[in-house]
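So the structure is just underneath, and the comments pick up after that.
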Amino acid sequence: MKEVVPLEKAFETAIFGSKAVGLGDAMRDGLPVPPGVALSGPVVEAVAAEDERAIAKVAKMVRPLPAPLAVRSSAADEDGAAASFAGQHLTLLNVPSADEVPSALREIWWSANSDSAITYRQRVGLFTRPSVGVVIQSLLDPDVAGVMFTQNPVTGAEECVIEASWGLGEAVVAGLVIPDTYRVDYSGEVLERSAGRKQVAIRSVATGGTVEEKIDAERAEQLCLDDGQLGELAQLARRCEQVYGKARDIEFAFAGGTLYLLQCRAVTTGGSPDKGAAPRKVTSDPVAALERVPLFAGLEPEEIQQIARLFKIRRFAEGETVIREGSGGAAFFLIDSGEATVSIRGDERAKLQQGDHFGEIALIDEGQRMATITATSPLVCYGLTYWEFRPLVHENGAIGWKLLQSMAKMLRAAQQEQPPVAASSADPPLWDQP
């Protein structure tokens, strides 16, 4: 089985990921896609592990591509209707040549295994070890780029909604500018246009990477797409819906007067945090909170601080599921502010608030969650994953031994509270409740 192929030969999502296969479909149907290659998840992992054969295989396929290069993740379960993974898996633009590709692949592999990506997987019910394919393409030097929805994402109307700005599209995707906004009928008729404030453009630099270029005030408020280009985009929207189906989220670029398709994915329907609400400030001390967690009760202050340094803030919107009963667990949470409920098989069992914690056993056994935790207000937590915690324990035998002692004490206490009957393997231990 070939694990590095030209994009037009990427057929299997399970091997090359959704993005690669989607772009392959586009090329096979004659849509304007920059040239590139697709890498399978196993070959990306092999390169991340510095396997020389894998590195040589990738280099052989990548060298013919005109440089510089764009290196993008293409996980098997990203860019779907339930979860897009937008912003979770890394994209590296303006990689100067094939020689720098192995380093880029390592960064992308790690981004898919990061705390942020793991938490996202848990929140959308896709908690499995990621298989991260990669797409490598020649990087365009666009005059204008942006995003287009083939259906109005607010009203559901059968029309294109387009956001665009000068330079690379990352300025729009990353929210660095207020882009121009257009509503365009499928026939190409412009229904509405509104100039934004495009004060920066993302440009490639000769040595690799990108830079923010300042745009003068007049051009910042000048519309960046004309009627002819909007008509081309309407045609592209129709073609993409013919190839992929309805309701598409498209990334595009105009370079040298030519329109290019960079990405086409289903519009994500999964819930997302309320971005209109102001984020809660982090108010408590994770060190003090950790000292109250039974699993960590036997650790010295400096050991508690080592663990606290691994925490990252996680925010959840009101009504959002933090962890789900029956799903795989690999994260422990301390509540900094807000409230949540605990439910088992649909029945509410408890309420959680500032200072409460849940999921610590998941740091050790990777077992299934025994309850569902749902935010009943904007919730701010400190989060720690199994993948971050395990290396600390491996490198510090004293911490591992103390955790083992704490678990033994917790198990003994739970057994003493139970009536003296034979234990059933179907009954979860009390100390494993979130």
Scan segment 130-162 residue by residue and report those that are among the β-branched types (Val, Ile, Thr), under 24 Å from the mean Cα position of the chain (by Cα), at pLDDT below 90 and surrounded by fewer than 23 Cβ atoms within 10 Å (Cβ to Cβ).
154
Out of 318, 339, 348, 302, report the one residue that is open to solvent by 50 Å² or more (accessible area, probe 1.4 Å), in contact with a Pro (Cβ under 6 Å, 6 or more places away or on another chain) and at pLDDT 85 or above.
318
Being assigned to a strand (DSSP E or B), of a type in the set (A, V, I, L, M, F, W, C) and either in contact with a Ser or Thr (Cβ under 7 Å, 6 or more places away or on another chain) or farther than 22 Å from residue 368 by Cα (or both) is the filter here; which residues of segment 309-321 pass it?
313
Which pairs do you get when a residue that is free of Cβ contacts under 8 Å to residues at least 24 places away in the same chain and closer than 23 Å to residue 250 by Cβ, found in segment 1-20, comes within reach of a residue that is open to solvent by 60 Å² or more (accessible area, probe 1.4 Å) and of a type outside the set (Ser, Thr, Tyr), reach meaning Cβ atoms under 6 angstrom, with the pair 6+ apart or on two chains?
8/28
Which residue pairs have Cβ atoms under 7 Å apart, sit 6 or more places apart or on different chains, and have a first residue in segment 24-51 that is more than 24 Å from residue 251 (Cα to Cα) and a second that is acidic (Asp, Glu) and not in a strand (DSSP E or B)?
42/3; 43/3
Can you say whether residue 101 is within 18 Å of residue 264 (Cα to Cα), crowded, with 19+ Cβ neighbours inside 10 Å, modelled with pLDDT of 95 or more and hydrophobic (A, V, I, L, M, F, W, C), as far as the supplied structure shows?
no
For residue 235, are the conditions met, namely being more than 27 Å from residue 265 (Cα to Cα) and at pLDDT 90 or above?
no
Within the group 192, 213, 251, which residue is touching a Phe, Trp or Tyr at 6+ places or on another chain (Cβ under 9 Å) and closer than 27 Å to residue 137 by Cα?
213
Does segment 322-336 hold any residues that are open to solvent by less than 10 Å² (accessible area, probe 1.4 Å), in a strand (DSSP E or B) and farther than 13 Å from residue 376 by Cβ, and which are they?
323, 331, 332, 333, 334, 336
What's the number of the only condition in (1) touching a Leu at 6+ places or on another chain (Cβ under 9 Å); (2) open to solvent by 40 Å² or more (accessible area, probe 1.4 Å); (3) more than 14 Å from residue 146 (Cα to Cα) that residue 190 fails to meet?
(2)
Sole exception among (1) of a type in the set (Asp, Glu); (2) modelled with pLDDT of 75 or more; (3) surrounded by 13 or more Cβ atoms within 10 Å (Cβ to Cβ) for residue 395, by number:
(3)
Going through segment 365-386 one residue at a time, which ones are in contact with a helix residue (DSSP H, G or I) (Cβ under 9 Å, 6 or more places away or on another chain), of a type in the set (Ser, Thr, Tyr) and either at pLDDT 85 or above or open to solvent by 10 Å² or more (accessible area, probe 1.4 Å) (or both)?
382, 386
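The values are calculated or read from the model by the stated rules, or taken from the named source; none is laboratory data. What you see is a predicted model, and the numbers here were worked out from it, not measured in a lab. Note that we place each Cβ from the backbone using ideal geometry, even for glycine, and neighbour counts take in every protein chain shown. For accessibility, only protein heavy atoms count, side chains too; no ligands or nucleic acids. Shrake-Rupley method; radii C 1.70, N 1.55, O 1.52, S 1.80 Å.
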